[in-house]
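Heads up, the thing below is written out as structure tokens.
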Amino acid sequence: RTQSSSEGSPSLYKLHWSFFYDNIPPPRSVADLPENLWALQHVMHPKELIKFNKGFFKAIYDMDTVTTVFSHGSKTTLCSDSKCHAKEYIIPDQLAYLGHYKGYCDAACMKKQFVEESSFKNIRSKVQEAVNRAMKTIGLSLQTEDLQQFRD
């Protein structure tokens, strides 16, 4: 929670994007994840985040002030006090960025330097426990062959 936008803080905060691709092999650190957590094996992303261009960022808003937004842009359309501040805050990459999953890394993409997202290591066991608990609660037991249809 931030100070109110009426006090001068931004009503809009921008996050850089980074892509995680289906065809980048997982590193050893996640290779042992069970099949039902296949999506979480995608922890490799290009070292350089996508530069801010139209549509290549995501914004989060101060919801104490902003009441209506356009989700694919940075323009706030309505604020509760009719005084949306034009000031934007770009969130430092070291603090947070938006991970976006894409299907295929082509030849040009493969030339990029990739790094492993390390924050997953801190929550891996909690995620596994939560998924297992949810599957048990709803009576879902997926087998490897069942999961293949979701990747094709």
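Please report, ordered by residue number, the strands (runs of 3 or more DSSP E) entirely within the stretch 1-75 with at least 1 residues that are modelled with pLDDT under 85 and under 15 Å from the mean Cα position of the chain (by Cα).
On the way: elements: 12-15, 17-21, 44-46, 58-61, 66-69.
Of the strands (runs of 3 or more DSSP E) lying wholly inside the stretch 1-75, those with at least 1 residues that are modelled with pLDDT under 85 and under 15 Å from the mean Cα position of the chain (by Cα) span 12-15, 17-21, 58-61.
Only residues in the stretch 24-44 that are under 14 Å from Glu117 (Cβ atoms) count as the first member; pair them with residues that are surrounded by fewer than 12 Cβ atoms within 10 Å (Cβ to Cβ) and of a type in the set (Ser, Thr, Tyr), Cβ under 7 angstrom, at least 6 apart or cross-chain, and list the lot.
Final answer for the pair search is His42/Tyr101.
Select from the stretch 79-100 the residues that are open to solvent by 70 Å² or more (accessible area, probe 1.4 Å) and assigned to a loop (DSSP other than H, G, I, E, B) and write down the one among them that is modelled with the highest pLDDT.
Leu95
Among what's in the stretch 124-143 and is of a type in the set (Lys, Arg) and farther than 16 Å from Val43 by Cβ, pick the residue that is least open to solvent (accessible area, probe 1.4 Å).
Among those that are of a type in the set (Lys, Arg) and farther than 16 Å from Val43 by Cβ, it is Arg133.
Just the residues that are in contact with a strand residue (DSSP E or B) (Cβ under 9 Å, 6 or more places away or on another chain), small (Gly, Ala, Ser) and farther than 16 Å from Pro26 by Cα, please, taken from the stretch 92-109.
Ala96
Quick check: anything in the stretch 115-123 modelled with pLDDT of 85 or more, within 15 Å of the chain's Cα centre (by Cα) and surrounded by 13 or more Cβ atoms within 10 Å (Cβ to Cβ)?
Yes, the stretch 115-123 contains at least one residue that is modelled with pLDDT of 85 or more, within 15 Å of the chain's Cα centre (by Cα) and surrounded by 13 or more Cβ atoms within 10 Å (Cβ to Cβ).
The values are calculated or read from the model by the stated rules, or taken from the named source; none is laboratory data. Not measured: the values here are computed from a predicted model. Here Cβ is always computed from backbone atoms with ideal geometry, including for glycine, and neighbour counts include all displayed protein chains. Remember, those area values only see protein heavy atoms, side chains included, never the ligands or the DNA or RNA. Shrake-Rupley method; radii C 1.70, N 1.55, O 1.52, S 1.80 Å.
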